[in-house]
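Any read-out appearing in this document is the output of simple, stated calculations on the displayed coordinates, not a laboratory observation. Model, not experiment: these values are computed from the prediction. Reconstructed Cβ throughout: ideal geometry from the backbone, glycine too, with neighbour counts over all protein chains shown.
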Amino acid sequence: MTDALLRETKVPTGGSDAGPMLGAAGISKSYRRGGLLRRRSLRVLVDAAIELHQGEIVGLVGENGSGKSTLMRILIGSLDRDGGTLTRHGSIGYCPQEPVLYERLTPDEHFELFGYAYNLEQAVMERGRDEILETLDFTSHRDARVEELSGGTRAKLNLGLALLADPDILLLDEPYAGFDWDTYLRFWELTAERKQAGRAVLIVSHFAADEDRFDRIVHLKDGRTVAG
Ligand SMILES: Nc1ncnc2c1ncn2[C@@H]1O[C@H](COP(=O)(O)OP(=O)(O)OP(=O)(O)O)[C@@H](O)[C@H]1O
Ligand SMILES: [Mg+2]
């Protein structure tokens with residue numbers, strides 16, 4: 001199905017000794033909290049590290065509040081880190097935990113807008129859009145305003161927008177929390193296809209049942225990452 005999603009496939013060329021597509025080491029991050037008088041700092045990440053290689057599906061797990069979304073946002077570059085290093089080779093896409101959507105726009109209008117922002121040719125955007133709508137099974141909602149959509153359909157659109165530009169590296173923060181079973185299975189098919197095409201995917205997950213689907217799992221605990 002998704003040859004538009006997999007277009008411009010970059011097959012791994014370097015074998016196992018090729019460097020990571022995404023590498024982070026020694027990442028630290030504290031948030032400042034409270035008002036002027038009761039200012040304090042919350043240390044969320046102390047020494048977090050992660051590597052994503054071509055063709056890998058990696059799970060990021062940890063308790064609520066352990067810093068998974070914080071690390072994701074640092075990896076994507078939307079949040080500044082206090083310390084540590086980041087390297088990236090290839091384009092990156094991100095599906096935030098909370099969908100960032102425009103209530104008055106339809107899914108089709110979102111794809112149009114994001115296609116423009118990604119600088120995609122119209123025909124490429126349309127092909128990617130139609131395959132995403134079909135694969136995630138929300139074609140019938142393409143012309144409804146987001147404010148009318150169910151939580152699950154919003155989650156599909158949120159994921160679809162991250163897929164639209166077919167990024168080399170995909171970071172997904174609990175992407176399937178609102179999915180029904182069929183969509184959940186299709187999500188994993190889609191992820192497996194990306195892996196085969198040499199893409200890398202990092203997924204925040206809470207479900208122990210998903211463990212077998214990952215090549216590796218990274219645990220986040222007390223601000224540090226531990227291989228699991
Ligand atoms: N902008 C912010 N300002 C202050 N504190 C924040 C901010 N964002 C997150 N935090 C705090 O940082 C900690 C880590 O939050 P984060 O959202 O990264 O956790 P998480 O592992 O993604 O949790 P969950 O499983 O619930 O999604 C939490 O204690 C949270 O309250
Ligand atoms: Mg989170």
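A Förster radius of 45 Å combined with the Cβ-Cβ distance from ALA25 to GLU147 puts the calculated FRET efficiency at roughly 0.60. Relative contact order, whole percent, for segment 73-228 stands at 25, derived from Cα pairs under 8 Å and 6 or more residues apart. Summarising the amide proton neighbourhood of LEU22: residues at separation of 5 or more, or on other chains, whose placed amide H is nearer than 5 Å comprise LEU52, HIS89. In segment 14-75, a dipole from Cβ-located charges (positive for Lys and Arg, negative for Asp and Glu) runs towards its positive end, and of ASN64, LEU45, GLY35 it is GLY35 whose Cα lies farthest in that direction. Peptide packing for 124-137, 86-99 was compared via the average number of neighbouring C-beta atoms within 10 Å per residue; ordered from the highest value, the list is 124-137, 86-99.
Couplings 3J(HN,Hα) of segment 172-179, computed from phi: 10, 9, 6, x, 10, 4, x, 7 Hz, in residue order, whole Hz [Karplus 6.51 cos²θ - 1.76 cosθ + 1.60, θ = phi - 60°; x for Gly and Pro].
Per-residue ellipticity at 222 nm, computed for the chain from helices alone with -39500 (n - 2.57) per DSSP H run of at least four residues, works out to -8500 deg cm²/dmol. The charge dipole of segment 151-228, taken about the Cα centre with unit charges on the Cβ atoms of Lys, Arg (+1) and Asp, Glu (-1), comes to about 160 debye, rounded to the nearest 20. Between ASN119 and THR87, the modelled label-to-label distance comes to 2.5 nm, taking each label 7 Å out from Cα in the direction of the beta carbon.
For the chain, the number of Lys pairs separated by eight or more positions or lying on different chains, with C-alpha atoms closer than 14 Å, is 4. Gain on full extension, evaluated as 0.36 nm per residue between ASP137 and LYS195 minus their Cα-Cα distance, stands at 18.7 nm. For the chain, the longest principal axis of the alpha carbon atoms and the long axis of helix 181-196 meet at an angle near 80°. In units of the rule-of-thumb radius 2.2 N^0.38 Å, the chain shows an alpha carbon radius of gyration of 1.03.
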